[in-house]
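Scroll down for the structure; my scribbles are underneath it.
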Amino acid sequence: MAPLKRIVIVGGGTAGWMTAAALARLAGAGTTVTLVESEEIGTVGVGEATIPSLLDFNRYLGIDEDAFVRATGATFKLGIEFVGWGKAGGRYMHPFGTFGRDAAGIKFHQIWRRQAGLQAPLNDVGSLEDYCLAAVAARLGRFNRPTGDPAAVLSSLRYAFHFDAGLYAQFLRHLAEEGGVRRVEGRVTQVDLAPDNGFIDAIVLADGRRIEGDLFIDCSGFRALLLGDALGVPFVSWQKWLPCDRALAVPSTSSGAPVPYTRATTTEAGWRWRIPLQHRVGNGHVYCSAYMTDEAAADALLAGLDTLATSEPRQLRFTAGVREHLWERNCVAIGLAGGFLEPLESTSIHLIQSGITRLMSLFPDSGHAPIERDKYNRMLRRDYEQIRDFIILHYHANGRIDGDFWQQCRDTPPPDALVERLALWRERGRAMPEPGQLFSEDGWIAVLMGQIGLPQSYDPLVATLPPEEAARFLQHLRGVIGQTAAAMPAHDQFIASHCARP
Ligand code: FAD
């Protein structure tokens, strides 16, 4: 079997340019990588919050982090603050990092849970968040990069970015073009399939140009021009669990010192996001059109701004779900062309990355082995479903007492895998990791604790730790974490001295 000679990417949004930058290393040596995009159609133009895995992608591309932060107006992100999800008015943080330190093979939060239920003064343990450096630093508005020394508390910190996704795409375009990717401006109006096997032969542009290829990557956004329209792969809707179907997005003026976390605040029939960049704040409202009018959604969005809107809100419509499979014949869909999950846990750009890295690890040759395609499809489906369940957890286990929307979310039975997870948590605070899951056990613990609250009981192995000894251990850890966070630079100072926008 021969290596593929012609790779064609349709779409120049975040998905298209991330894919192009990653595939640029294949360009040359007999292979061409062509990206077709249409300025007339434009991109979705939102997508500002990320999760820590993006650091791996940037490292893979050899990107200098300070240069990237400067170019994209980025800030650092230590987690997501959820407001009004668990109990009306309550808040919790899903921080990037670990809670405390496990002892004698027992998960830290189990020890904390046992102590919290003891008599005073042994129950003076504060909140679980007090034991996570990312959560404490976020609360104080501080940031530093983690050290590589596993003995230091600072090594437990993880971080991601808030950035302008349009500027990120431009940044990657530069890298990709430098690496040999050819960019073609034009609108795809036709997709030609081979009569014998139905593979895509070529795409045809509005001006008649025909671009042939051996592998086509569909990054055409919600349109899914190749995988959906041309190859007819059906869309599987997850709307029954995730009923929100619209969003309004609006930028507002900078808030001065940006906080190092995203905020997600519930509304009557959805939630608002607040994402601080260096030069502006990104705001939006994800809502369910069956329970809220567009006017009411816009009012709730604008009323919740804490700085001045700099344009009119822009509306986006979507359905949560994924294509039945993401690789069909010689076409792989990456980004919105493959599926959509609302940005509650900032996972869309991660799913692009996951599509790219899994494609690189199962890269086809001219034989297009079905076994590799099937493996890819199973892996991607699992990625989507695990993230879907994590997002459903927030909705299903909501504690809002007002409104039919929230009641409907509570009443809808969750997927089976989530049912088991919920039961394991409620019983004894178990948040067992699943193979290959994106969010760590600590991430699940944060959200389960925030949405559901304390489990009824705890791991029986905690009984092997004397309560007095455990109390000293917790007190020490809390002190060290508090001191480490307080000694970190203020987030805005860190940016000013390393990577401020010119
Ligand atoms: P698009 O940006 O839509 O790009 C599609 C490309 O295809 C464009 O270049 C377009 O010109 C081209 N194209 C389409 N049709 C044709 C044609 N006929 N001919 C030629 N070219 C064509 N993700 C996160 O990770 N974090 C977030 O905080 C986040 N927030 C979001 C909020 C909302 C409301 C929405 C809707 C999405 C959010 N996302 C977020 C997702 C994120 O925006 C997308 O995953 C990301 O931008 C990738 O989009 P894309 O490149 O797949 O599609």
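The values are calculated or read from the model by the stated rules, or taken from the named source; none is laboratory data. Remember, predicted model here, so these are calculated numbers, not experimental data. Positions of Cβ are backbone-derived with ideal geometry, glycine not excepted, and every protein chain shown enters the neighbour counts.
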*Which of the residues that make up segment 129-149 are in contact with a Leu (Cβ under 7 Å, 6 or more places away or on another chain) and under 21 Å from PHE108 (Cα atoms)?*
TYR131, LEU133, ALA134, ALA137, ALA138, PRO146
*Taking segment 288-304 only, how many residues are assigned to a loop (DSSP other than H, G, I, E, B) and either out of contact with any helix residue (DSSP H, G or I) (no Cβ under 9 Å at 6 or more places or on another chain) or over 20 Å from LEU242 (Cβ atoms) (or both)?*
2
*Where in segment 129-200 are there strands (runs of 3 or more DSSP E), lying wholly inside it, with at least 1 residues that are surrounded by 19 or more Cβ atoms within 10 Å (Cβ to Cβ), within 16 Å of the ligand (Cβ to nearest atom) and among the β-branched types (Val, Ile, Thr)?*
188-193
_Name the residue that is modelled with the lowest pLDDT, counting only residues in segment 243-265 that are more than 24 Å from GLY97 (Cα to Cα) and away from the ligand (no atom under 16 Å from the Cβ)._
SER255
*Looking for whichever is crowded, with 22+ Cβ neighbours inside 10 Å and over 15 Å from SER346 (Cβ atoms) here; the options are GLY282, GLY270. Which one fits?*
GLY270
_Restricting to segment 82-101, give me the number of residues that are modelled with pLDDT under 95, within 18 Å of PRO260 (Cβ to Cβ) and surrounded by fewer than 21 Cβ atoms within 10 Å (Cβ to Cβ)._
0
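Tell me yes or no: at least one residue of segment 37-50 is assigned to a helix (DSSP H, G or I) and either surrounded by fewer than 23 Cβ atoms within 10 Å (Cβ to Cβ) or among the aliphatic types (A, V, I, L, M) (or both). Before the answer, list the steps.
Of all residues in segment 37-50, those assigned to a helix (DSSP H, G or I) come to none.
No: zero hits.
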*Could we say that PHE222 is surrounded by fewer than 18 Cβ atoms within 10 Å (Cβ to Cβ) and either assigned to a helix (DSSP H, G or I) or basic (Lys, Arg) (or both) here?*
yes
*Filtering segment 35-71 down to residues that are within 16 Å of the ligand (Cβ to nearest atom) and more than 21 Å from the chain's Cα centre (by Cα), which residue is farthest from LEU205 (Cα to Cα)?*
GLY42
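Regarding GLY79, is this residue buried (at least 24 other Cβ atoms within 10 Å of the Cβ), near the ligand (Cβ under 8 Å from one of its atoms) and in contact (Cβ under 8 Å) with a residue 12 or more places away in the chain?
Working: buried (at least 24 other Cβ atoms within 10 Å of the Cβ): yes; near the ligand (Cβ under 8 Å from one of its atoms): no; in contact (Cβ under 8 Å) with a residue 12 or more places away in the chain: yes.
No.
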*asked:* Can you tell me which residue is nearest to the ligand (Cβ to nearest atom) among those in segment 201-240 that are under 20 Å from GLY186 (Cβ atoms) and of a type in the set (Val, Ile, Thr)?
replied: ILE203
*Return a yes/no flag: does segment 312-323 have any residue that is more than 16 Å from ARG223 (Cβ to Cβ), over 23 Å from the mean Cα position of the chain (by Cα) and at pLDDT 95 or above.*
yes
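When you scan segment 393-502 for helices (runs of 4 or more DSSP H) that lie fully inside it, which ones turn up with 2 or more residues that are free of Cβ contacts under 8 Å to residues at least 24 places away in the same chain?
Values: elements: 404-411, 416-428, 441-452, 467-487, 491-498.
Once the helices (runs of 4 or more DSSP H) in segment 393-502 are filtered for at least 2 residues that are free of Cβ contacts under 8 Å to residues at least 24 places away in the same chain, what remains is 404-411, 416-428, 467-487, 491-498.
Please verify whether ARG280 is closer than 21 Å to PHE96 by Cα and either touching a strand residue (DSSP E or B) at 6+ places or on another chain (Cβ under 6 Å) or of a type in the set (Lys, Arg) (or both), treating the condition exactly as stated. Show your work before the answer.
Numbers: closer than 21 Å to PHE96 by Cα: no; either touching a strand residue (DSSP E or B) at 6+ places or on another chain (Cβ under 6 Å) or of a type in the set (Lys, Arg) (or both): yes.
Criteria not met by ARG280.
Quick check on ALA24: is it crowded, with 16+ Cβ neighbours inside 10 Å and more than 13 Å from the ligand (Cβ to nearest atom)?
Working: crowded, with 16+ Cβ neighbours inside 10 Å: yes; more than 13 Å from the ligand (Cβ to nearest atom): yes.
Yes.
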*Here is a list of conditions, (1) more than 16 Å from the ligand (Cβ to nearest atom); (2) modelled with pLDDT of 95 or more, and ARG388 meets all of them except one; can you say which number that is?*
(1)
*Here are some residues: SER354, SER366, SER311. Which one is of a type outside the set (Asp, Glu), touching a residue at least 24 places away in the same chain (Cβ under 8 Å) and part of a helix (DSSP H, G or I)?*
SER354
*Select from segment 201-214 the residues that are out of contact with any Asp or Glu (no Cβ under 6 Å at 6 or more places or on another chain) and of a type outside the set (D, E, K, R) and write down the one among them that is surrounded by the most Cβ atoms within 10 Å (Cβ to Cβ).*
ILE203
*Which pairs do you get when a residue that is farther than 15 Å from LEU438 by Cα, found in segment 369-388, comes within reach of a residue that is in a helix (DSSP H, G or I), reach meaning Cβ atoms under 7 angstrom, with the pair 6+ apart or on two chains?*
TYR376/ARG358; TYR376/LEU359
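A quick yes/no check of all residues on (1) in contact with a Cys (Cβ under 9 Å, 6 or more places away or on another chain); (2) more than 17 Å from MET379 (Cα to Cα); (3) without any contact (Cβ under 8 Å) to a residue 60 or more places away in the chain; (4) outside any strand (DSSP E or B):
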site: GLY282; (1), (2), (3), (4): no, yes, no, no
site: VAL286; (1), (2), (3), (4): yes, yes, yes, no
site: ASP306; (1), (2), (3), (4): no, yes, yes, yes
site: THR319; (1), (2), (3), (4): no, yes, no, yes
*Within segment 350-396, tally of residues that are of a type in the set (Phe, Trp, Tyr) and surrounded by fewer than 17 Cβ atoms within 10 Å (Cβ to Cβ)*: 1
